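Participant: The structure is given below, and queries will be raised subsequently.
The values are calculated or read from the model by the stated rules, or taken from the named source; none is laboratory data. Keep in mind the model is a prediction, meaning the values are calculated, not measured. Note: ideal-geometry Cβ built from the backbone for every residue, glycine included; neighbour counts use all protein chains shown.
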Amino acid sequence: MNEGFVKRPSATFFLAVTGDSMERLSIQEGDTLVVDRSIEPRPGHIIVDMVDGEITVKRYELRGDVACLCSGNSRYAPIPLVDMECQVVGVGAISP
């Protein structure tokens, strides 16, 4: 798997997905994300982040001029990144 998906080994790790918040974006519980810490996140990227001390996987979006973390499940509201602590861990891709 490393040869096909890992471009920067020193900046890459694998993360097992739990939960259902990204199902509509084809990220299912039990999937493995390949996460690259060296990529600068841009709107539309799937990112792994720490929000208030909790690891989450969300799509990074701009809504107007407000950065938001959005799930792929309509049961979960977007998280506006206003007045909260958020640290991007890396940009993810799903491994087959």
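Participant: List pairs: first residue in the range 9-25 and among the basic types (Lys, Arg), second residue modelled with pLDDT of 95 or more and part of a helix (DSSP H, G or I) anywhere in the structure, Cβ distance under 8 angstrom, at least six positions apart or on different chains.
Facilitator: Here the result reads none, with nothing in the range 9-25 linked to a residue that is modelled with pLDDT of 95 or more and part of a helix (DSSP H, G or I).
Participant: Any residue at all in the range 29-37 that is assigned to a loop (DSSP other than H, G, I, E, B), surrounded by 15 or more Cβ atoms within 10 Å (Cβ to Cβ) and in contact with a Leu (Cβ under 8 Å, 6 or more places away or on another chain)? Don't jump to the end; show me each part of the working.
Facilitator: So in the range 29-37, the residues assigned to a loop (DSSP other than H, G, I, E, B) come out as 29-31, 37.
Now narrow it down to the ones that are surrounded by 15 or more Cβ atoms within 10 Å (Cβ to Cβ): 31.
Checking the rest, the ones that are also in contact with a Leu (Cβ under 8 Å, 6 or more places away or on another chain) come to none.
No.
Participant: Next up: Hey, among Gly44, Gly53, which residue is at pLDDT 90 or above and either out of contact with any Leu (no Cβ under 9 Å at 6 or more places or on another chain) or not β-branched (Val, Ile, Thr) (or both)?
Facilitator: On the way: Gly53 fails: at pLDDT 90 or above.
Answer to the check: Gly44.
Participant: Here is a further query. Give me a count of the residues in the range 42-75 that are in a loop (DSSP other than H, G, I, E, B) and either over 15 Å from the mean Cα position of the chain (by Cα) or on the phi > 0 side of the Ramachandran plot (or both). Break it down stepwise before answering.
Facilitator: Start the filter on the range 42-75 by keeping residues that are in a loop (DSSP other than H, G, I, E, B), which leaves 42-45, 52-53, 64-65, 71-75.
Next cut, either over 15 Å from the mean Cα position of the chain (by Cα) or on the phi > 0 side of the Ramachandran plot (or both) only: 44, 52-53, 64-65, 74-75.
The number of residues fulfilling the criteria is 7.
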